[in-house]
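The values are calculated or read from the model by the stated rules, or taken from the named source; none is laboratory data. Here the structure is a predicted model, which is why all the values come from computation and not from measurement. Backbone-built Cβ (ideal geometry, glycine too); neighbour counts: all protein chains shown. Protein only, heavy atoms only, side chains kept; ligands, DNA and RNA dropped before computing areas. Shrake-Rupley method; radii C 1.70, N 1.55, O 1.52, S 1.80 Å.
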Amino acid sequence: IAQFNLDDISLDVRSDVPATNAQTALILQAKLINKENRPGVWPSLVLSLKDARGQVDRQRIISPNEYLVSELKMQPMAPLSEYQIRLHLSLAGAVATGYELKPYYEE
């Protein structure tokens, strides 16, 4: 996990999809960076949504299959490379007041 960084992270409400009390359509964008001089297994991503007190309200694990284009799924992330993530999400409930995105491997 230490070989990856996430940069330029944004989570925005989609303006083309009306929000409801039950669902919010979002766009998650980030740059995944392999900062090591060796290939790396694509990590999952943990998106933590936070309430007004800064406490984690909800979490979602995003697998590489969700954010990678098909031709990259069968190979590791190249050394010293970057990958731009743009993912459409639909989350239950109201929009959170804060969020955090981190690389993650299941143990």
Given (1) of a type outside the set (Phe, Trp, Tyr); (2) free of Cβ contacts under 8 Å to residues at least 40 places away in the same chain; (3) closer than 19 Å to Glu106 by Cβ; (4) touching a strand residue (DSSP E or B) at 6+ places or on another chain (Cβ under 7 Å), number of the condition Asn65 does not satisfy: (4)
Selection from the range 82-107 of residues that are within 13 Å of Lys31 (Cα to Cα) and either surrounded by 13 or more Cβ atoms within 10 Å (Cβ to Cβ) or in contact with a helix residue (DSSP H, G or I) (Cβ under 9 Å, 6 or more places away or on another chain) (or both): Glu82, Tyr83, Ile85, Arg86, Leu87, Leu101, Lys102, Pro103
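Counting just the residues of the range 1-35 that are farther than 16 Å from Ser90 by Cα and basic (Lys, Arg), which one comes out most open to solvent (accessible area, probe 1.4 Å)? Break it down into steps so the answer makes sense when it comes.
Initially, the range 1-35 is screened for residues farther than 16 Å from Ser90 by Cα, giving 1-9, 30-35.
Now narrow it down to the ones that are basic (Lys, Arg): 31, 35.
Working: Lys31: 37, Lys35: 99 Å².
Here the answer is Lys35.
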Subset of the range 75-104 (residues that are in a loop (DSSP other than H, G, I, E, B) and at pLDDT below 90): Gly93, Ala94, Val95, Ala96, Thr97
Matching residues in the range 36-74 - criterion: being assigned to a loop (DSSP other than H, G, I, E, B) and open to solvent by 90 Å² or more (accessible area, probe 1.4 Å): Asn37, Arg38, Val41, Ala52, Arg53, Gln55, Met74
